[in-house]
Structures are given as C-alpha cells and as structure tokens.
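The values are calculated or read from the model by the stated rules, or taken from the named source; none is laboratory data. None of these values were measured; they are calculated from a predicted model. Using ideal geometry, Cβ is built from the backbone for each residue, glycine included, and neighbour counts are taken over all protein chains shown. All accessible areas refer to the heavy atoms of the entire protein, side chains included, with ligands and DNA or RNA removed. Shrake-Rupley method; radii C 1.70, N 1.55, O 1.52, S 1.80 Å.
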Amino acid sequence: MVTEVSTAAYSCRAREYTEVLGSMAAVHPSDLHLVSKWAGDVDGEIVDAGCGPGHWTNFLAEQGHAARGVDVVPEFVTYATNTFPGVSYTLGSLESLDADTGSIGGILSWYSLIHYEPETIRIPLQELSRALKFGGTLLVGFFEGHAVEEFAHAVTPAYRWPVDVLSAELNATGFDVVESHVRKTAGQRPVAAIVARRRDSR
Ligand SMILES: C[S@@+](CC[C@H](N)C(=O)[O-])C[C@H]1O[C@@H](n2cnc3c(N)ncnc32)[C@H](O)[C@@H]1O
C-alpha cells in the first residue's frame with residue numbers, strides 16, 4: 001500500500017521532482033506517441049490518476065480530451081492547479097476515485113502504481129476497474145524487471161514488475177490486456193507500459 005511515509009516523501013521532494021520530470025520536454029518521444037495514441041482511442045473522460053505535476057493531464061486537455069488529474073500529494077495538486085489553470089486537479093487517491101462506477105472512459109496511471117507493495121496492488125487496480133466503464137481502458141506505465149523486486153527509487157522505494165505478472169494482476173481485477181510495450185535503454189532502468197481494457201462484466 002502507498003503509505004503516509006511515501007506520500008510525505010513526495011511532499012518533501014515535489015519541487016525537485018517537478019523541476020526534473022514535470023514537463024513534456026522531459027517525456028520520451030515513444031511515451032508521447034503511446035499516450036497520445038491511447039488517448040485518441042478513449043471514448044469519454046480521462047482521469048490522470050497519480051498526475052504528479054500535472055503535465056500529462058494538461059497535454060491531454062490540449063489534445064482536446066476531457067481530462068482531469070488526481071493526486072494524493074497536496075504540493076503536486078497546488079502546483080498543477082497554478083501552472084495549468086484551465087485543467088481540473090483534485091486531491092484524491094487511486095484507492096477511492098471521485099467517480100461513479102462505470103463512468104470513466106480512460107485512466108492514465110503513469111508510474112503512479114510503482115510504490116505499491118505487490119501484495120496490495122489489487123487495491124488500486126480494483127478501484128480503477130470499478131470507475132472505468134465497460135470497454136474503457138487503463139494505461140499503466142511502470143518499471144520492468146525479471147521479477148517483482150523492490151528498488152531504491154529516488155523519492156521512495158518502488159517495485160519493478162515483469163509484464164506478465166502485472167498482466168495477471170490486471171486480469172484478476174477485471175481487465176483484459178490488449179497491448180504491452182517494453183523499452184530497454186543502456187544505462188537506464190527498463191520501462192514498460194500496458195494497455196488493459198475493462199472487461200464487460202462486474
Ligand atoms: C513517479 S510519480 C509520477 C507522476 C506523474 N504521473 C508523472 O508521470 O510524472 C508517482 C505519482 O503517483 C502519486 N501517487 C502515488 N500513490 C498514489 C495514490 N494512492 N493516490 C494518488 N496518487 C498517488 C504520487 O503522489 C506521485 O505524484
């Protein structure tokens with residue numbers, strides 16, 4: 001579970017995180033392509049769940065999508081609200097989204113599930129599954145590895161996941177994986193993304 005400790009760690013380092021990673025200029029071109037293409041296929045509202053500095057939410061809004069951001073760290077929500085005043089950002093949790101059941105077209109969880117201990121990952125996944133409409137899609141960005149392992153993320157400990165293991169967790173919480181991508185760059189942690197569709201039953 002994402003603890004108060006990890007939330008506090010982000011609160012302390014929100015400014016630093018924002019300076020380094022909080023703009024579209026810091027985004028890898030293939031991620032930009034992936035997120036843009038995914039969003040283009042979404043029918044309905046998009047929630048950027050764990051939006052951090054809010055740059056992805058704003059990007060999606062600029063592309064014409066009905067997008068809003070949610071984050072558990074007040075400093076991020078304040079920064080995003082001040083920086084992108086035309087976009088809605090609210091304080092909230094991946095474990096209790098402010099959304100009616102089956103009401104959301106797409107959820108972007110871009111590196112926001114990485115701090116969950118593996119045995120608790122289904123808590124947010126079940127909530128995202130609840131909020132999505134049938135056929136709605138979830139795009140998850142995460143660090144990839146050969147096994148589920150904790151590593152020393154710059155802000156607070158995080159976990160790397162094999163694509164098939166995270167896919168199994170998604171499958172167990174109401175999703176069908178429709179595509180996955182892995183990117184390995186020398187000298188950097190391998191990264192991955194999964195697009196999963198909300199299964200047509202509750
Ligand atoms: C690695 S940052 C990614 C931020 C942003 N998505 C990006 O791509 O730059 C992880 C984010 O997830 C947020 N987060 C982690 N657990 C959360 C939870 N349970 N509910 C809402 N936000 C959460 C953190 O506050 C942080 O902003």
Do we find that GLY69 is assigned to a strand (DSSP E or B) and crowded, with 22+ Cβ neighbours inside 10 Å in this structure? yes
Mind checking whether some residue in the stretch 178-188 is closer than 23 Å to PHE76 by Cα and either among the charged types (D, E, K, R) or not in a loop (DSSP other than H, G, I, E, B) (or both)? no
ALA152 - would you say it is more than 16 Å from the chain's Cα centre (by Cα) and either farther than 20 Å from ILE104 by Cβ or touching a residue at least 12 places away in the same chain (Cβ under 8 Å) (or both)? yes
Failed item in (1) open to solvent by 20 Å² or more (accessible area, probe 1.4 Å); (2) out of contact with any Ser or Thr (no Cβ under 7 Å at 6 or more places or on another chain); (3) under 17 Å from LEU113 (Cα atoms), with SER36 passing the rest: (3)
Could you tell me whether any residue of the stretch 124-143 is surrounded by 14 or more Cβ atoms within 10 Å (Cβ to Cβ) and part of a loop (DSSP other than H, G, I, E, B)? no
Mind listing whichever residues of the stretch 146-165 are open to solvent by less than 50 Å² (accessible area, probe 1.4 Å), within 16 Å of the ligand (Cβ to nearest atom) and not in a strand (DSSP E or B)? HIS153, VAL155, THR156
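Considering only residues of the stretch 27-59 that are charged (D, E, K, R) and within 14 Å of the ligand (Cβ to nearest atom), which is farthest from ALA193 (Cα to Cα)?
Applying the filter and picking the extreme gives ASP48.
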Any idea which of (1) among the charged types (D, E, K, R); (2) at pLDDT 95 or above; (3) over 16 Å from the mean Cα position of the chain (by Cα) is the one ASP71 doesn't satisfy? (3)
Across (1) more than 13 Å from the ligand (Cβ to nearest atom); (2) farther than 30 Å from PHE151 by Cα; (3) open to solvent by 50 Å² or more (accessible area, probe 1.4 Å), GLY102 clears everything bar (3)
Which one of these does PRO85 not meet: (1) in a loop (DSSP other than H, G, I, E, B); (2) within 12 Å of the ligand (Cβ to nearest atom); (3) of a type outside the set (Gly, Ala, Ser)? (2)
